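One structure is given here, and the rest of the page talks about it.
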Amino acid sequence: MIGRALEQLRFLTGPKYQHVKPDPRSFDNHPNGVLHEQEAGNLHLAHISLTLVGSKGNVLMTIRLDGNWKKGFAYDVHTLDSVYLGADELGYDRWKNTRSEMGELVYRLKYQADFEALAKIVDLVGIFKGIETMDYIVPIPATNPQRRFQPVTAIAHELGKRTGVRVVPNLLEKRRGGRQLKNVDDPQERHRLLVESMRLAEDLDVSNKNILLVDDLYRSGATLTVATELLYDKGHVKDVYVLTMTKTRSSK
């Protein structure tokens, strides 16, 4: 694992790095080691499956996401720990979640409409250099389009504003109605329902373009997989990249 990490150093466009002891939060199957940041700088989007220790000493985890896209990454895990507290008086399970820094910011933005969290989220993903080379930033369509505030779209717009990349919020659309996917555990059934519910808007020519798909949370990757299929098969894009703010520790 360490040798593979050091071998990839020649691809970095930013600072020089020194190998340090692996962080205990790293995933067992993480392809690279933990690298210590010697100088402030950024990493190219195509080569940042690394765990970094930032200039303030905080651990920055970037998690490679494998799929039918060209390259994909999550900034960090969503929760560091979850403790079951038992059922409440209505029989619903209660959990005490310890979220990562990014996980807490996403939670505040999504459920508390905390706009200060929005700026901090995009500050954190500033470690990814190469976003500015994308042709379009496309947010994954909302599960509930009737919701007044759409956090993923807000993140995409803020990211686009800072990088100068055009954001296309309605390139991917989900049809209204249909079965709720959150209760579907079978991967094949989930994929089928997503294929039926998602479509590519026809009012923008994205052929031979590089697309960055943005989402707040990566769980199973089913939605991103179907979105990527649409972009390649119907949109005839050049390449699809994926960036999510967080990833669950489980794929369910």
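Key figures
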{"item": "For the range 68-82 versus the range 224-244, the gap between their alpha-carbon centres in whole angstrom", "result": "18"}
{"item": "Calculated FRET efficiency for the pair Thr248/Arg148, C-beta based, R₀ 30 Å, to 0.05", "result": "0.70"}
{"item": "Cα-based shape type of the range 95-252, given that a ≥ b ≥ c are square roots of the gyration tensor eigenvalues and the cut on a/c is 1.5", "result": "oblate"}
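FYI, it's all coordinate maths here, none of it is from the lab. None of these values were measured; they are calculated from a predicted model. Neighbour counts are summed over all protein chains in view; Cβ atoms, including those assigned to glycine, are modelled from backbone coordinates with ideal geometry.
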